Amino acid sequence: MAAKQAEYEKTHLLISEAERALELMGRAIRMAGYQNIKTYNPSKKVDGSKQFIQVNKKVGYRGSDSFSVQHALSDGVDFDCIGNALTKDRTRKDLAHQGFMVERQAGIAKGAKVNGGSLICQSLDRQGRLQNTTLMNGINHLLIEEVQSPEASGIGGQRVYRLRLQMTDRALLQIPLERTFATRNLP
């Protein structure tokens with residue numbers, strides 16, 4: 001009975017952590033390409049799909065994908081993926097940056113048994129330099145797929161992404177979770 005209770009609690013904890021991670025990544029995807037109307041410069045023509053969201057396939061822990069987004073600051077209070085309030089000094093070329101990747105857990109000796117990889121949040125510090133922060137451990141794999149092309153979706157330049165996250169305790173549990181998110185702000 002105690003073993004079943006421990007497994008239930010561990011499963012619930014992993015799912016809660018994964019839901020938190022997926023929500024943070026989804027929020028970033030939805031913000032990709034946001035332009036503040038007060039600071040928007042229409043003379044700067046850019047290919048928003050390439051500049052504002054970038055997916056890199058099989059570059060992380062166990063072939064995990066990574067992605068990064070860029071967006072302008074709103075008139076309200078914006079936060080990066082680790083909860084820092086975004087201000088002008090946390091931007092580059094007036095764009096905030098958020099990235100997500102899965103890397104091998106830091107501080108673990110080579111060859112040591114690890115409990116999955118670490119989900120890393122990448123954002124800008126107050127000097128506009130990239131900083132990496134571990135959000136959580138126990139990530140076995142992250143897969144990012146574009147569900148359909150913008151032309152097929154009928155929603156202009158917007159894109160739809162499916163995120164698949166596999167959580168693990170490296171002993172008994174392998175919990176796959178999946179969520180789908182759409183961009184809202186791409187030009």
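Bear in mind that the values in this text are calculations on the coordinates, not laboratory data. Because the structure is a prediction, the values reported are computed rather than measured. Don't worry about glycine lacking a Cβ; one is built from the backbone with ideal geometry, like all the others, and counts go over all protein chains shown.
A few remarks follow.
- The range 2-182 - convex hull of alpha carbons, volume per residue in Å³: 136
- Simple label model, 7 Å out from Cα along Cβ direction - Leu177 to Lys93, nm: 3.4
- Assigned charges on the beta-carbon of Lys, Arg, Asp, Glu; the range 57-187 dipole about Cα centre (debye): 460
- Multiplying the residue separation of Ala109 and Glu7 by 0.36 nm and subtracting their alpha-carbon distance yields 34.0 nm.
- Axis of helix 2-31 versus longest Cα principal axis of the chain: the two differ by about 10°, to the nearest ten degrees.
- GNM flexibility winner over the chain from Thr11, Thr39, Thr91 (Cα, springs under 10 Å): Thr39
- Spin-label model distance (nm) - Arg164 vs Asp125, 7 Å beyond Cα toward Cβ: 3.7
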